[in-house]
Amino acid sequence: MSGGDMAKPLLGQRNTEGDPSIMPAAGRTIGVLGSGDFARSLAIRLVCSGFKVVVGSRNPKRKAGLFPSAAEVTFQAEAVKKTDVIFVAVFREHYSTLCDLADVLAGKILVDVSNNTEINHHKESNAEYLASLFPACTVVKGFNVVSAWTLQSGARDGNKQVLICSNNQEAKRTVAEIAQVMGFTPVDMGCMSSACEIENIPLRLLPAWKIPIFLALGLFLCFFTYNLVRQVIHPYVREQKNKFYKIPVEVVNTTLPCVAYVMLSLVYLPGVLAACSQLYYGTKYRRFPDWLDQWLQHRKQIGLLSFFCAALHALYSLCLPMRRSHRYQLIETAVKQAVEKKMNIWVEEEVWRMEIYISVGIIALGLLSLLAITSLPSIANSLNWREFSFIQSTLGFIALVISTLHTLTYGWSRAFDENQYKFYLPPTYTLTLLVPCTVILAKVVFILPCVQQRLLRIRRGWEKGRYVKFVLPSATGEYSSGETSSNV
């Protein structure tokens, strides 16, 4: 990007009228030490937000063209003298080069925006190390979770949070005001001891997705191997037929719905286990085991991976008639019919089975799409809790039931056909029904009035063995209170 392009403001002047909380920050002079990509993006965003920016560089004449014309580029010592808030946009290993400015920096606020190359690479965080080098300064950790591109293009629909921590409350308030004027949402993370965790956040690769992804891959490999044995290895061993051409499309397409179906049931299985635990112990205050707690926290990711596999299954199914092997099989079938002089091969039962199978599958995919869309933060934030719970819980369970119907219509009566048991292995869809049917049966049990009322009382604070007041709706819709215990 040329110097002229960098000088053009990418964001319009932010209107701060009517917002007294951020007016004191607008118009003040902000210093930036450094001339790298992040420093340039930071300077552009500050200028566009109405700040006066002074950039400190070791070679200001050569770097001046990289910054917007409204920003003053000068030597580091001169830049430090002109402002009380300074963004330190240099790497940790270059902090020592600023030691000559210690006297000039005394009493000023230093905002450390640096990150490491590895998680917990050093014993102390970069911000704590900077504070140890300049004890006369107030160090604030912030803006390290924001990319240079976000600074230039604006927060828009992306993550607008800026994590801030410091031992000085006034310094945090000042930096928070600057972040607000720039269009971000400051989040107070506490004292400087939180800096290490803040610096680790940009280095983590999808931390909430690791377990669900490994789970999906494990299920895929298991079902893929199972289908490979049934669809490819069995005919090759028993009938000497080469059907290895099925591996890229048919075997994968048979595996994907199995993974999607089981993953969807795994979204609702931990809720069933949690309810069983509460019913067994008679309280909601007993802590769940760590594995169940982790499982409950990963339900969103598991559900999205289920939708992903279901969408791929739909695309693979649409591509099945396009394969060359499918065309050969159609021609071969037509030739056999002509030789055997069969005029009508219409099978009413198979026609109805496929019609119902496809129709129910489309409905299931539509409901999964709705669940996936409403799990997005921008959509979920527009829903109240009752709407979100209805979609994710009620409609999600309906999606599981319809997916079960989709699987059952696919299998139809083939579960009782001995020819379907290759190497004495049952059809794949019969295995996938185990977990979902368990979840559905458990949900049906929880709907029973005796179980539902007890679970409702527990979730409202009732505990087995204790007399507690509770409130339950009556048949007329009014609420009545009373006392109960495990003996009642």
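The values are calculated or read from the model by the stated rules, or taken from the named source; none is laboratory data. Because the structure is a prediction, the values reported are computed rather than measured. Note that we place each Cβ from the backbone using ideal geometry, even for glycine, and neighbour counts take in every protein chain shown. Remember, those area values only see protein heavy atoms, side chains included, never the ligands or the DNA or RNA. Shrake-Rupley method; radii C 1.70, N 1.55, O 1.52, S 1.80 Å.
Structure above, values below:
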{"read-out": "Residues within region 99-125 that are surrounded by 14 or more Cβ atoms within 10 Å (Cβ to Cβ) and touching a Phe, Trp or Tyr at 6+ places or on another chain (Cβ under 8 Å), tallied", "value": "5"}
{"read-out": "Of all residues in region 25-84 being surrounded by fewer than 18 Cβ atoms within 10 Å (Cβ to Cβ) and among the acidic types (Asp, Glu), the one that is modelled with the lowest pLDDT", "value": "Asp37"}
{"read-out": "Residue match in region 80-92 (condition: among the acidic types (Asp, Glu), assigned by the TED database to the domain that holds Ala43 and farther than 16 Å from Glu199 by Cβ)", "value": "yes"}
{"read-out": "Qualifying residue in region 200-212 (condition: surrounded by fewer than 20 Cβ atoms within 10 Å (Cβ to Cβ), in contact with a strand residue (DSSP E or B) (Cβ under 9 Å, 6 or more places away or on another chain) and either of a type in the set (Asp, Glu) or in contact (Cβ under 8 Å) with a residue 24 or more places away in the chain (or both))", "value": "yes"}
{"read-out": "Selection from region 138-180 of residues that are over 23 Å from Gly36 (Cα atoms), modelled with pLDDT of 90 or more and not in a strand (DSSP E or B)", "value": "Ser166, Asn167, Asn168, Gln169, Glu170, Ala171, Lys172, Arg173, Thr174, Ala176, Glu177, Gln180"}
{"read-out": "Selection from region 439-459 of residues that are farther than 18 Å from Leu395 by Cα and in contact with a Leu (Cβ under 9 Å, 6 or more places away or on another chain)", "value": "Val451, Gln453, Arg454, Leu455, Leu456, Arg457, Ile458"}
{"read-out": "Selection status of Phe390, at pLDDT 90 or above, surrounded by fewer than 15 Cβ atoms within 10 Å (Cβ to Cβ) and in a helix (DSSP H, G or I)", "value": "yes"}
{"read-out": "Test: residue in region 191-198 that is without any contact (Cβ under 8 Å) to a residue 40 or more places away in the chain, in contact with a strand residue (DSSP E or B) (Cβ under 6 Å, 6 or more places away or on another chain), farther than 30 Å from Cys309 by Cα and not in a helix (DSSP H, G or I)", "value": "no"}
{"read-out": "Condition met for Lys241 (open to solvent by 40 Å² or more (accessible area, probe 1.4 Å) and more than 23 Å from the chain's Cα centre (by Cα))", "value": "yes"}
{"read-out": "Residue count for region 59-89, restricted to those that are within 20 Å of Asn126 (Cβ to Cβ) and either among the charged types (D, E, K, R) or touching a Ser or Thr at 6+ places or on another chain (Cβ under 9 Å) (or both)", "value": "4"}
{"read-out": "Candidate set from region 428-480 (those that are among the basic types (Lys, Arg) and at pLDDT 75 or above); member that is nearest to Leu269 (Cα to Cα)", "value": "Lys443"}
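Rundown of residues vs (1) closer than 19 Å to Pro212 by Cα; (2) aromatic (Phe, Trp, Tyr); (3) open to solvent by 100 Å² or more (accessible area, probe 1.4 Å); (4) outside any helix (DSSP H, G or I), yes/no style:
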position: Leu296; (1), (2), (3), (4): yes, no, no, no
position: Cys319; (1), (2), (3), (4): no, no, no, no
position: Arg327; (1), (2), (3), (4): no, no, yes, no
position: Ile331; (1), (2), (3), (4): no, no, yes, no
position: Ala338; (1), (2), (3), (4): no, no, no, no
position: Trp346; (1), (2), (3), (4): no, yes, yes, yes
position: Leu371; (1), (2), (3), (4): yes, no, no, no
position: Ser378; (1), (2), (3), (4): no, no, no, no
